[in-house]
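Following: one structure in structure tokens, then a few remarks.
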Amino acid sequence: MSSVIKGATVVSTHGQRQLDVKIADGKIAELGVDVATSADEVVDATGCYLFPGFIDAHTHLKLDNGPGTPDTADNFKTGSIAAIANGTTSVIDMATPHRGHSLEACLKTWNEAAAGNSSCDYSYHMSLIEWNQQLAAEIPKMAAHGITSFKMYMAYDNLRTSDAEIYAAMKAIKSVHGMLGIHCESGALINALQAEYLAAGLTAPKYHALTRPNQLEAEAVNRYLTIARLVDLPVNIVHLSTREALAVVRAARAKGQKVFVETCPQYLLLDEHCYDLPNFAGAKYVCSPPLRSQRDELALWQALAGNEINTISTDHCDFNFKDKKRIGKDDFTKIPGGMPGIETRPQLIYTAGVTTGKLSLTQFVGLLSENIARQFGMYPQKGVIQVGSDADLVIWDPEKSGVIAAKTQLQHVDYSPFEGFKTKGAARTVYLRGQKIVDNGRVVTTGKGQFVARHGSDYELV
Ligand code: URP
Ligand code: ZN
Ligand code: ZN
Ligand code: ZN
């Protein structure tokens with residue numbers, strides 16, 4: 001099967017050009033002006049942009065926090081359909097082993113969940129929720145399997161490790177040229193604040209935010225970067241949300257430290273006022289870190305414009321409002337944390353960033369695709385439209401408008417945090433390794449995703 005896409009403006013981080021693109025055998029075969037149309041299919045994409053498939057480097061499609069904890073509303077099957085419908089062709093999910101179990105066992109569990117179910121290509125960040133010699137020995141084995149990125153936590157009692165364990169893990173990760181991402185919030189201080197609030201009878205969702213103040217993100221980021229400096233390891237900060245943490249990153253970079261920063265649409269488009277919504281609706285917005293102030297949003301947009309933030313992923317981790325979020329009706333600490341987002345990131349960032357002039361098209365492509373591919377060892381297989389790359393392509397109609405609504409979403413969850421947002425721009429056609437998955441905005445084929453074996457990270461990017 002071969003196709004030629006004609007007339008679109010092809011976008012990369014280097015610029016944009018009207019070029020024809022020929023796809024054959026799942027790869028980009030030719031790129032040029034007036035490419036011969038001897039193909040099975042010729043697609044007229046005049047007036048559209050052609051983007052490399054978007055990559056979501058932060059999803060929880062198989063959250064497994066052990067017995068008694070609620071399941072996420074989406075899984076690989078449903079979440080990846082929602083993703084690819086709007087142009088996200090690859091996901092990197094958070095794989096989390098049980099305590100005392102091997103990374104190998106966890107990898108097997110995640111492969112079983114994704115294989116045959118995922119409509120996106122997929123990989124995982126392997127979580128390290130403890131540290132010992134067996135796990136250290138498994139890091140090179142993970143790299144050999146193509147798992148070159150790892151995740152650790154400074155918050156959540158069931159997931160966080162000590163600073164000394166982070167230090168030791170960093171050394172192992174450095175030896176495989178891997179990428180570490182850490183959830184940066186001071187877990188011990190959050191516990192103390194939560195106990196204080198609950199003892200005072202303050203149980204509503206808004207206290208979720210008040211017990212996780214900005215300084216606790218900045219403190220954790222500073223500690224993380226201090227440890228990374230000892231090891232001389234370039235590191236990633238996931239879901240950065242505050243201006244105080246940005247200041248810590250700036251200071252570290254000014255001293256020559258290599259720091260990658262991810263943020264998410266919710267920290268750019270929603271703020272702490274959501275927690276004041278009546279009828280417990282604030283629980284829909286309970287995620288960690290919490291939604292912040294409008295000053296933080298502004299600081300994040302300015303950092304994006306100045307190329308100080310490298311990637312935008314979603315932290316998609318959704319729980320139904322009706323039954324799951326309500327578990328925390330009388331105690332905000334029991335509200336399952338996380339929000340849906342895998343479906344809406346491209347339109348939200350295109351609308352709020354590109355159509356307003358806050359972001360250029362080339363920045364947009366970097367933040368949602370190319371930078372992610374490079375940072376996580378998938379480039380140039382993914383993240384770019386060039387000869388030899390996978391034909392993961394999004395024909396983007398910049399004129400198509402829409403309104404985000406839970407009623408019409410593909411995400412398998414009973415609400416949308418972005419309900420009523422008006423969007424401009426949408427994926428018209430999406431190809432995954434040359435196969436047409438979305439046609440005229442509708443998903444026509446599912447379950448075609450494959451595991452992506454990744455190489456080491458490009459540390460020179462920051
Ligand atoms: O509240 C959130 N974000 N839940 C998902 C896990 C995480 O912290 O990324
Ligand atoms: Zn193995
Ligand atoms: Zn996190
Ligand atoms: Zn997460």
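Some points to look at:
- q = 0.15 Å⁻¹: log10 I(q)/I(0) that the Debye formula gives for the stretch 388-462, counting C-alpha atoms only: -0.76
- For the stretch 24-111, the spread of Cα positions along each principal axis, largest first, Å: 58, 25, 20
- Per residue convex hull volume, Cα atoms of the stretch 203-283, in Å³: 89
- Remark: the chain carries a charge dipole of roughly 240 debye about the Cα centre, counting +1 on each Lys and Arg Cβ and -1 on each Asp and Glu Cβ.
- Here the stretch 308-350 is treated as a Stokes sphere of Kirkwood radius computed over C-alpha pairs; at 4 °C and 1.567 mPa s its diffusion coefficient rounds to 108 µm²/s.
- Charge tally around Ser90: other residues with Cβ under 10 Å, Lys/Arg +1 each, Asp/Glu -1 each, net -3.
- Sorting the Cα pairs of the stretch 290-410 by distance into bins of 10 Å, from 0 upward, gives 11, 32, 34, 19, 4, 0 percent per bin.
- For Thr423, the residues whose amide H sits under 5 Å from its own are Gly402, Val403, Ile404, ignoring neighbours fewer than 5 places away on the same chain, with H placed 1.01 Å from N.
- The residue among Ser162, Ala188, Asn132 whose Cα reaches farthest toward the positive pole of the charge dipole of the stretch 125-190, with charges on the beta-carbon of Lys, Arg, Asp and Glu, is Asn132.
- Comparing Gly146, Asn320, Gln375 along the charge dipole axis of the stretch 54-382, the residue lying farthest to the positive side is Gln375, per the Cβ-charge model.
- Counting only alpha carbon atoms, the long axis of helix 76-85 and the longest principal axis of the chain meet at about 50°.
- Each of the peptides 306-314, 402-410 was scored by the mean count of other Cβ atoms within 10 Å over its residues; in descending order, highest first, they stand as 306-314, 402-410.
- Total formal charge among the other residues, if their Cβ is under 15 angstrom from that of Lys358, Lys/Arg +1 and Asp/Glu -1: -1
- Helical runs assigned H by DSSP (4 residues or longer) give the chain a calculated mean residue ellipticity at 222 nm of -8000 deg cm²/dmol, each run adding -39500 (n - 2.57) before division by the residue total.
- Rg/Rg_globular for the chain, with Rg_globular taken as 2.2 N^0.38 Å and Rg from C-alpha atoms: 0.93
- With 25 Å as the limit, the listed pairs Lys151/Lys400; Lys141/Lys382; Lys358/Lys422; Lys151/Lys382 have Lys151/Lys400 beyond it between alpha carbons.
- Taking the square roots of 5 times each eigenvalue of the Cα gyration tensor of the stretch 66-223, largest first, gives ellipsoid semi-axes of 29, 23, 14 Å.
- At the listed q of 0.12, 0.22 Å⁻¹, the Debye profile of the stretch 144-266, built from one uniform point per Cα, gives log10 I(q)/I(0) equal to -0.47, -1.28.
- Lys/Arg +1, Asp/Glu -1 at C-beta; the chain dipole; positive extreme among Tyr207, Ile437, Pro398: Tyr207
Since every read-out is calculated from the coordinates, none of them should be taken as a lab result. Keep in mind the model is a prediction, meaning the values are calculated, not measured. Glycine gets a Cβ as well: all are built from the backbone with ideal geometry, and neighbour counts include every protein chain shown.
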